[in-house]
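Student: Following this message is one structure expressed as structure tokens.
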Amino acid sequence: MLTSVDRLLFVRGVPIFNELRDDFLVRLASIMDELSFPEQHTIFTEGQEGRALYIVVKGQVKVHLQDGQTLAELEAGACFGEMSLFDAEPRSASVTTIEACDCLILTQHQLYEAIDETPGIAINIIRLLSRRIRELNNDLKAKQQEAKTLSHSSNLMYANESRSPMAAVPMMVDDGTYTVGEENGSFYSGFPH
């Protein structure tokens, strides 16, 4: 368990809270609950209703989809679950501990009361969500470019394979000349035998 001073220092270092006044951080840190989870424990599951933000204090968690695809691995100072605080949608991913983990938890009710008192926290959370969307967009663009490059390389390989056999095999035509195949299907002729 964190002391109140340690809790304040930790919350101050979390990106969504780093621009808040100290008096607000003291209040926010004091209302958060602290929970411990064992290794390989599912904190919440994709599709589950959620109304809490989690901050990793110690340990590491994996954010993943039900099909097993890992979206992120988060360490101390990172937060997750923030989307569920603002919409009524089910959790978009599951979170499982990689190792034993301690987390601070902020419920939707606690956050809304805090936002009523200090609207600056809402702006910080919006910035965090925007940053995460940007990172996902950049990852998606990189994967699309990689797929495009692989597709282009594959097309070149098949084009070279389809051209090579015809180009390498001269054929004799009835008039006694040799003919060599070309990529577009036409032939060069006129080579005497």
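The values are calculated or read from the model by the stated rules, or taken from the named source; none is laboratory data. Worth saying up front: this structure is predicted, and the values here are computed from it rather than measured. Here the Cβ is made from the backbone with ideal geometry for all residues, glycine too, and neighbour counts use every protein chain on show. Surface accessibility is based on the protein's heavy atoms, side chains included, excluding ligands, DNA and RNA. Shrake-Rupley method; radii C 1.70, N 1.55, O 1.52, S 1.80 Å.
Student: Among PHE17, PHE10, PHE80, which is under 27 Å from GLU117 (Cβ atoms), surrounded by 19 or more Cβ atoms within 10 Å (Cβ to Cβ) and under 16 Å from the mean Cα position of the chain (by Cα)?
Tutor: Just a single option satisfies the conditions, and that option is PHE80.
Student: Would you say VAL95 is in contact (Cβ under 8 Å) with a residue 12 or more places away in the chain and outside any loop (DSSP other than H, G, I, E, B)?
Tutor: For VAL95, the condition - in contact (Cβ under 8 Å) with a residue 12 or more places away in the chain and outside any loop (DSSP other than H, G, I, E, B) - is met.
Student: Moving to a separate point now. Take the residues of the range 20-43 that are open to solvent by 80 Å² or more (accessible area, probe 1.4 Å) and free of Cβ contacts under 8 Å to residues at least 40 places away in the same chain: which is nearest to LEU65 (Cα to Cα)?
Tutor: SER30
Student: Here's something else I'd like to know. Identify, from the list LEU140, LEU129, the residue that is open to solvent by less than 100 Å² (accessible area, probe 1.4 Å), part of a helix (DSSP H, G or I), aliphatic (A, V, I, L, M) and under 24 Å from PHE10 (Cβ atoms).
Tutor: Result of the check over LEU140, LEU129: LEU129.
Student: Here's a follow-up. With the condition kept exactly as written, say whether any residue in the range 37-57 is in a helix (DSSP H, G or I), more than 18 Å from the chain's Cα centre (by Cα) and farther than 18 Å from TYR112 by Cα. Please lay out each step first, then the result.
Tutor: The initial filter retains those residues of the range 37-57 that are in a helix (DSSP H, G or I), namely none.
Checked the range 37-57: no residue is in a helix (DSSP H, G or I), more than 18 Å from the chain's Cα centre (by Cα) and farther than 18 Å from TYR112 by Cα.
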